[in-house]
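Report on one structure; see the data block that follows.
The values are calculated or read from the model by the stated rules, or taken from the named source; none is laboratory data. Everything quoted here is computed from the prediction, not taken from an experiment. No Cβ is skipped: glycine too gets one built from the backbone with ideal geometry, and neighbour counts run over all protein chains shown.
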């Protein structure tokens, strides 16, 4: 499932019970812990399709956090990832504590607001299903259009 390059990065990660949670606007739109992900420098050296395989596991974990049933394909992907990288710290946080749930909800609301604010003035927004639980988006802004006058509001 994972490329050898990504497997090498994920296998080097070690669980740290004191790791801090972080908010990822893009691509996760939620929280993660700093011991669950390679450094940005390492990650940016990995092709996007390989990164997407990793993001998919995070998306599946969100479903697990929400007690959602996984599709048979999602279950198979999850089990394959656990077999390939059983010590990945991500697999140590499958239940959110009450202390973690509140920051997750706050982060996801904040991310939603950020996207709403960003797309509010867009003339066209397109959201695409990239597969594997991932979505892509694009927005077009007409920078030459006349701004509304006070009488238009």
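Table for the structure above
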{"read-out": "Residue in region 88-103 that is modelled with the lowest pLDDT, counting only those that are in contact with a helix residue (DSSP H, G or I) (Cβ under 8 Å, 6 or more places away or on another chain) and surrounded by 13 or more Cβ atoms within 10 Å (Cβ to Cβ)", "value": "96"}
{"read-out": "Residue ID - surrounded by the fewest Cβ atoms within 10 Å (Cβ to Cβ), chosen from residues in region 24-41 that are modelled with pLDDT of 95 or more and part of a helix (DSSP H, G or I)", "value": "34"}
{"read-out": "Scan of region 59-78 for residues that are surrounded by 12 or more Cβ atoms within 10 Å (Cβ to Cβ) and in a helix (DSSP H, G or I), ordered by number", "value": "59, 60, 61, 62, 63, 64, 65, 74, 75, 76, 77, 78"}
{"read-out": "Residue match in region 47-55 (condition: in contact (Cβ under 8 Å) with a residue 60 or more places away in the chain, surrounded by fewer than 18 Cβ atoms within 10 Å (Cβ to Cβ) and over 12 Å from the mean Cα position of the chain (by Cα))", "value": "no"}
{"read-out": "Given (1) under 14 Å from the mean Cα position of the chain (by Cα); (2) surrounded by fewer than 16 Cβ atoms within 10 Å (Cβ to Cβ), index of the condition residue 106 fails", "value": "(1)"}
